[in-house]
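What follows is a single structure, written as structure tokens, with notes after it.
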Amino acid sequence: MVIFPFEEKFHQNEGVNAEYVGHPLLSHLPKGFSKEEFIKQNKLDPYKKIIGIFPGSRKFELNYMMPVYKETLKIISKHSKKVQFCLAQADNISDEFLAKYLKNFYSEEINLTVLKNQNHALLSCSDALILTSGTVTLEAALYETPMAVCYRAPVFFYLIYLLVRHISKVALPNIISEKDVVKEFIQHKARPNDIATEILALLHNEDKRNKMKEELKQIKEKFGNKVASDEVARIIKAYFDR
């Protein structure tokens, strides 16, 4: 029982009895966020675009990604005064650990608000997202929010990844769609200037923005309407009935 549409065909081609049952996120992802309420609740500027930052939930990810994001946000701020940044703080990242990075952001006069326990609202209400690669990229795709996906890790980890990977793409939206829907900035390609250029284009180039939103919508449609828990229960019951 697999949770991605492409997995069913992959396993069946190898002679495995596999069935796509739907992804658990589809039925559990909160919906219906009001951007107006989100802005009011977090005392944001209603006249500025919101860029959501998801730096990751592992400490080593923050060690590698936060310096990149600081420089990225500096560049974006220089090119556009009508933006504000919201950073999602993971539950397992303490205020103390995050603080050592944030002082560098504030010293650069970056308009940054840190949000706790509002991940889904931020994914839904942002005008663009900068995401550290992971499941959050799929959540963003299901909200149809334009994004750029980034990742840096210790060189040793990256070399292992290059040795064992079976696909060339990293971001889940690209893997699922089997094409480059969102830009990936991985390892040495995670350059602040390039990330900033992509985000500014997603904010100000309507054609580019609309194209990505349409392709994210198509990804959402690929998942269908199956409720994973119901499908799993059905398959298990049928097995025991036999």
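Scanning the stretch 119-142 for residues that are modelled with pLDDT under 95 and assigned to a loop (DSSP other than H, G, I, E, B) yields Ser133, Gly134, Thr135. Residues in the stretch 101-118 that are more than 20 Å from Lys78 (Cβ to Cβ) and assigned to a strand (DSSP E or B): Val114, Leu115, Lys116. Restricting attention to the stretch 44-59, the residues being basic (Lys, Arg) and free of Cβ contacts under 8 Å to residues at least 24 places away in the same chain number 1.
Can you name the residue in the stretch 42-74 that is out of contact with any Ser or Thr (no Cβ under 7 Å at 6 or more places or on another chain) and among the aromatic types (Phe, Trp, Tyr) and is also farthest from Asn111 (Cα to Cα) among such residues? Filtering the stretch 42-74 for residues that are out of contact with any Ser or Thr (no Cβ under 7 Å at 6 or more places or on another chain) and among the aromatic types (Phe, Trp, Tyr), the one farthest from Asn111 (Cα to Cα) comes out as Phe60. Set side by side, the residues Ser27, Ser77 differ, and just one is among the small types (Gly, Ala, Ser) and touching a residue at least 60 places away in the same chain (Cβ under 8 Å), which is Ser27. Scan the stretch 2-24 for residues that are touching a residue at least 60 places away in the same chain (Cβ under 8 Å), out of contact with any strand residue (DSSP E or B) (no Cβ under 8 Å at 6 or more places or on another chain) and over 15 Å from Asn225 (Cβ atoms) and the total you get is 1. Considering the stretch 188-242, the residues that are small (Gly, Ala, Ser) and in a helix (DSSP H, G or I) include one that is surrounded by the most Cβ atoms within 10 Å (Cβ to Cβ), namely Ala196. In the condition set (1) touching a strand residue (DSSP E or B) at 6+ places or on another chain (Cβ under 8 Å); (2) under 19 Å from Met147 (Cα atoms), Lys116 is compliant with all but (2). From the set of residues in the stretch 97-123 that are open to solvent by less than 70 Å² (accessible area, probe 1.4 Å) and free of Cβ contacts under 8 Å to residues at least 24 places away in the same chain, which is nearest to Thr197 (Cα to Cα)? This residue is Leu102. The one condition from (1) among the hydroxyl-bearing types (Ser, Thr, Tyr); (2) touching a residue at least 40 places away in the same chain (Cβ under 8 Å); (3) farther than 21 Å from Lys220 by Cβ that Ser94 does not meet is (2). The stretch 6-92 holds helices (runs of 4 or more DSSP H) entirely within its bounds, and those carrying 1 or more residues that are open to solvent by less than 30 Å² (accessible area, probe 1.4 Å) and not aliphatic (A, V, I, L, M) map to 35-41, 59-79.
In this structure, Lys169 does not satisfy being more than 18 Å from Ala128 (Cβ to Cβ), in a loop (DSSP other than H, G, I, E, B), at pLDDT 90 or above and open to solvent by 40 Å² or more (accessible area, probe 1.4 Å).
The values are calculated or read from the model by the stated rules, or taken from the named source; none is laboratory data. This one's a predicted model, so the numbers in the text were calculated from it and none came from an experiment. Cβ: placed from backbone, ideal geometry, glycine included. Neighbour counts: every protein chain shown. Accessible surface is based on the protein model in full, side chains and every heavy atom, while ligands, DNA and RNA are left aside. Shrake-Rupley method; radii C 1.70, N 1.55, O 1.52, S 1.80 Å.
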